[in-house]
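For reference, the structure is listed below as structure tokens.
The values are calculated or read from the model by the stated rules, or taken from the named source; none is laboratory data. Remember, it's a predicted structure, so these values are computed and weren't measured experimentally. Positions of Cβ are backbone-derived with ideal geometry, glycine not excepted, and every protein chain shown enters the neighbour counts. With ligands, DNA and RNA removed, areas are computed over all heavy atoms of the protein, side chains included. Shrake-Rupley method; radii C 1.70, N 1.55, O 1.52, S 1.80 Å.
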Amino acid sequence: MSTIAAFYGGKSILITGATGFLGKVLMEKLFRTSPDLKVIYILVRPKAGQTLQQRVVQILNSKLFEKAKEVCPNVHEKIRAVYADLNQNDLAISKGDMQELLSCTNIVFHCAATVRFNDHLRHAVQLNVTATQKLLLMASQMPKLEAFIHISTAFSNCNLKHIDEVIYPCPVEPKKIIDSMEWLDDAIIDEITPKLIGDQPNTYTYTKALGEMVVQQEGGNLNVAIVRPSIVGATWQEPFPGWVDNLNGPSGLIIATGKGFLRALRATPMAVADVIPVDIVVNLTLAVGWYTAVQRPKSTLIYHCTSGNLNPCYWGKMGFQVLATFEKIPFERAFRRPNADLTSNTFTTQYWNAVSHWAPAIIYDFYLRLTGRKPRMTKLMNRLLRTVSMLEYFINRSWEWSTCNTEMLMSKLSPEDQRVFNFDVRQLNWLEYIENYVLGIKKYLLKEDMAGIPEAKQHLKRLRNIHYLFNTALFLIAWRLLMARSQMARNVWFFIVSFCYKFLSYFRAPRTLKI
Ligand SMILES: CCCCCCCCCCCCCCCCCCCCCCCCCC(=O)SCCNC(=O)CCNC(=O)[C@H](O)C(C)(C)COP(=O)(O)OP(=O)(O)OC[C@H]1O[C@@H](n2cnc3c(N)ncnc32)[C@H](O)[C@@H]1OP(=O)(O)O
Ligand SMILES: NC(=O)C1=CN([C@@H]2O[C@H](COP(=O)(O)OP(=O)(O)OC[C@H]3O[C@@H](n4cnc5c(N)ncnc54)[C@H](OP(=O)(O)O)[C@@H]3O)[C@@H](O)[C@H]2O)C=CC1
């Protein structure tokens, strides 16, 4: 029997961000490995016209939870959705709910965050810093609390090249930032944002760093630990390979490439692609929860959940494998054949943007106009290239994360726990993982049927023929125009023709002779 699984039995667990990518996989694993847990409280807000209950039902009815429901058929009874909005100062939790949470919770997993790189600083501070502070305050009033696990990001200090498992101080105290967000107006915040974030690339990484400082400063008397995952990708093994449900990290760009919209990327092929499967993150997080509660380390331990130092993959290799997978498993109704160039040169990127992105988009929109339809490709391309520019920072650099605490924790696990809560990234086979990732995107994100693969392959063949035809026509038109306007081009043309003629006559002569 797994010690960690047994530890969560009978426990009341509070999860924030349970409706997010990581939160769902965390809940699923808890139900599957500790079906005798008491209850999972999840802080949820209504969204997209759905009530809390509807959101929970939708999550539990998804394919992700099929295995968990076999092991724990009464999952519906074990989940308690609590209305909350972490954007509100009091988190908008009712008094009754608050009482129950405070008196019953044993473990807190704080996953909720805004992960948008370009969020307004006020909003990012509210969610990633102030809400963390409020939750720590709540946690300090929980008599039965055994551990508080905060999910941060390995990129919270991405202004450094080598990152240790420590909290690095931010130049301005989080409390000052929180206070100033309350009275500064949006225009002033916009103006001071670049100065505040300094050498951090965006408001997300900056506020995640502030959030860690808050944990250090205000979680002093609690049993706290921080998990820092790098770029979280689809599941590796559990509950099944390739599960993913949002566009974050590489997923969106893999779709854009597979659909033939994205054909070039400013990326450094030899930079480390520090992707980490979400099930590895979840396994480590649960192991950290157990260790923190049972061992009660004297200081706040930070755990890096990264792949680069133990089993590195590189963007070039990843891109190559993604493209190879599209040969076998193409996406349906592609705009162009998937083929992408990784280049680290800005000039080449601009050239490819003009030729491979803007020109086809403009031509296609022209065709849509001609056929009486609404043009949309240039707008889509605009949004895509904006997104790419936001991600470029992360695909042109490499970082080194030390993983001493994570390795120490692995050594403390029994062989059974190492199997059930496996976070040993050295066992991951990248080629297999990437193939399953692409397949997972096709099935779970794009909801495409596998039976459509032969038709998708036919479509790609048609696109290839159109591509060759188009290029040949373009070449002939350009050549014809050049011939009409330039004596030099005509001379070159006649030289080539006469050279070919002589070359052919040379071969014809011996044959004539033989006869
Ligand atoms: C040698 C041979 C080679 C061969 C070569 C072949 C190569 C080819 C193969 C290529 C594949 C392999 C390479 C992969 C590289 C991956 C890099 C990943 C780096 C990630 C680093 C993460 C590090 C930090 C980790 C963390 O710790 S945090 C977790 C990560 N956090 C995020 O990933 C949030 C991103 N997102 C946003 O930050 C916002 O989304 C925002 C984008 C600002 C827009 O923001 P905005 O303009 O305001 O507008 P939206 O409404 O949001 O979006 C507007 C529209 O763009 C859509 N869209 C949102 N997102 C994405 C997304 N990703 N990708 C695509 N589309 C997206 C959205 O659906 C909407 O489309 P629509 O619905 O309108 O049609
Ligand atoms: N994905 C990644 O690549 C990485 C993620 N991380 C960290 O992992 C954690 C989880 O990320 P991930 O699951 O990918 O992110 P998602 O965007 O998928 O999920 C975010 C979660 O936070 C919730 N949330 C956001 N705003 C509020 C609010 N105002 N009130 C209540 N809940 C709110 C969302 O709820 P709702 O469904 O209502 O929007 C959702 O459940 C984050 O802390 C992130 O920083 C770290 C490294 C990489």
What helices (runs of 4 or more DSSP H), lying completely within region 133-227, carry at least 1 residues that are under 25 Å from V108 (Cβ atoms)?
174-183, 203-218
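Residues are listed down the side, and each one gets a yes or a no for (1) away from ligand 1 (no atom under 11 Å from the Cβ); (2) open to solvent by 30 Å² or more (accessible area, probe 1.4 Å); (3) modelled with pLDDT of 95 or more; (4) of a type in the set (V, I, T):
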site: S251; (1), (2), (3), (4): no, no, yes, no
site: I254; (1), (2), (3), (4): no, no, yes, yes
site: G258; (1), (2), (3), (4): no, no, yes, no
site: P277; (1), (2), (3), (4): yes, no, yes, no
site: N283; (1), (2), (3), (4): yes, no, yes, no
site: H304; (1), (2), (3), (4): yes, no, yes, no
site: Y314; (1), (2), (3), (4): no, yes, yes, no
site: M318; (1), (2), (3), (4): no, no, yes, no
Within region 196-204, does at least one residue satisfy the condition of being closer than 24 Å to D279 by Cβ, modelled with pLDDT of 95 or more and open to solvent by less than 40 Å² (accessible area, probe 1.4 Å)?
yes
Please verify whether region 463-471 includes one or more residues that are among the basic types (K, R) and out of contact with any helix residue (DSSP H, G or I) (no Cβ under 9 Å at 6 or more places or on another chain).
yes
Do you know which of the residues in region 260-275 that are within 9 Å of ligand 1 (Cβ to nearest atom), touching a Lys or Arg at 6+ places or on another chain (Cβ under 9 Å) and open to solvent by 10 Å² or more (accessible area, probe 1.4 Å) is farthest from V388 (Cα to Cα)?
P269
Could you tell me which residue of region 28-60 is most open to solvent (accessible area, probe 1.4 Å), considering only residues that are touching a helix residue (DSSP H, G or I) at 6+ places or on another chain (Cβ under 8 Å) and hydroxyl-bearing (S, T, Y)?
T33
Here the residues within region 333-342 that are more than 15 Å from V272 (Cα to Cα) and crowded, with 16+ Cβ neighbours inside 10 Å are A334, F335, R336, R337, P338, A340
Can you name every residue in region 96-116 that is open to solvent by 50 Å² or more (accessible area, probe 1.4 Å) and either part of a loop (DSSP other than H, G, I, E, B) or within 14 Å of ligand 2 (Cβ to nearest atom) (or both)?
V115, R116
Just to check your reading of the model, which residue among A68, A81, A92, A154 is open to solvent by less than 10 Å² (accessible area, probe 1.4 Å) and within 14 Å of ligand 2 (Cβ to nearest atom)?
A154
Within region 134-151, track down each residue that is without any contact (Cβ under 8 Å) to a residue 60 or more places away in the chain, within 15 Å of ligand 2 (Cβ to nearest atom) and either of a type in the set (V, I, T) or in contact with a helix residue (DSSP H, G or I) (Cβ under 9 Å, 6 or more places away or on another chain) (or both).
M138
In the set L37, L86, L64, which member is touching a residue at least 40 places away in the same chain (Cβ under 8 Å), touching a Lys or Arg at 6+ places or on another chain (Cβ under 7 Å) and in a loop (DSSP other than H, G, I, E, B)?
L37
Within region 92-142, considering residues that are among the charged types (D, E, K, R) and within 16 Å of ligand 1 (Cβ to nearest atom), the one farthest from the chain's Cα centre (by Cα)
R122
Could you please let me know if N221 is surrounded by fewer than 18 Cβ atoms within 10 Å (Cβ to Cβ) and within 16 Å of ligand 2 (Cβ to nearest atom)?
no
Looking only at region 393-426, filter to residues that are within 16 Å of ligand 1 (Cβ to nearest atom), surrounded by fewer than 17 Cβ atoms within 10 Å (Cβ to Cβ) and not aromatic (F, W, Y); which one of those is nearest to F7 (Cα to Cα)?
E400
Residue check: is K29 within 10 Å of ligand 2 (Cβ to nearest atom) and outside any strand (DSSP E or B)?
no
Filter region 429-463 down to residues that are within 17 Å of I329 (Cβ to Cβ) and open to solvent by 70 Å² or more (accessible area, probe 1.4 Å), then give me how many there are.
11
Looking only at helices (runs of 4 or more DSSP H) that fall completely inside region 305-370, which ones have 2 or more residues that are charged (D, E, K, R) and either within 16 Å of ligand 2 (Cβ to nearest atom) or not assigned by TED's automatic domain parsing to the domain that holds L409 (or both)?
315-328, 359-370
Mind listing whichever residues of region 371-381 are within 23 Å of A264 (Cβ to Cβ), out of contact with any His (no Cβ under 8 Å at 6 or more places or on another chain) and either open to solvent by less than 90 Å² (accessible area, probe 1.4 Å) or outside any helix (DSSP H, G or I) (or both)?
P375, R376, M377, T378, L380
